[in-house]
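Inspection log for the structure reproduced underneath, given as structure tokens.
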Amino acid sequence: MTPLGINSVLGLTFVMGAVIFFCRAFPFLLFRNRKGPLAGGEPVSGRTMAFLSFVERVVPPVAMTVLTFNAVCLPIKEDPSAAFPVLAASAATALLHLWKGNSLISIFGGTLLYMILNRIIIQ
């Protein structure tokens with residue numbers, strides 16, 4: 001593969017940043033003032049609000065579940081010897097979160113345990 005020039009790297013970085021910004025801003029642009037294409041420019045009906053309420057309640061846990069299975073199953077599938085560090089760190093993350101109720105503590109604690117176990121067991 002040929003190395004990319006600085007202009008290509010800067011261009012790709014700008015494009016990726018613009019895409020991420022648009023993905024973050026899109027819901028706010030779409031649903032500002034509770035009006036938008038779903039309501040034909042008029043206030044959103046009760047049925048539409050019920051659907052949006054359902055989506056905002058269901059989608060985050062579903063997305064987190066998919067990300068968790070991807071993060072846990074993919075390393076184990078590629079390298080079965082990685083099963084113990086991945087599963088132990090996942091369990092530690094869940095237990096830390098149940099115990100402390102703090103996302104930062106649970107994420108950093110689980111990551112730290114994974115890195116330590118990965119260094120000890122894999123190498």
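We did not get these values from a lab; they are worked out from the coordinates using the rules stated. Because the structure is a prediction, the values reported are computed rather than measured.
Please determine, in degrees from 0 to 90 and to the nearest 10, the orientation of helix 83-100 with respect to the longest principal axis defined by the Cα atoms of the chain, where the helix direction is its Cα long axis.
The two axes meet at around 60 degrees.
For helix 46-78, report the angle its Cα long axis makes with the longest principal axis of the Cα atoms of the chain; keep it between 0 and 90° and round to the nearest 10°.
The answer is roughly 20 degrees.
Could you work out how far helix 103-117 tilts from the main Cα principal axis of the chain, as a 0 to 90 degree angle to the nearest 10?
The angle comes out near 30 degrees.
Given (i) -0.72; (ii) -0.31; (iii) -0.47 as candidate values of log10 I(q)/I(0) by the Debye sum over Cα atoms at q = 0.11 Å⁻¹, which corresponds to the one derived from the coordinates?
(i)
Residue by residue through the range 3-14, which ³J(HN,Hα) values in whole Hz follow from phi under the Karplus form 6.51 cos²θ - 1.76 cosθ + 1.60 (θ = phi - 60°), with glycine and proline marked x?
x, 7, x, 4, 5, 5, 5, 5, x, 5, 4, 4
Using a Gaussian network model of the chain whose springs link C-alpha atoms within less than 10 Å, name the residue from 110, 17, 101 with the highest mean-square fluctuation.
17
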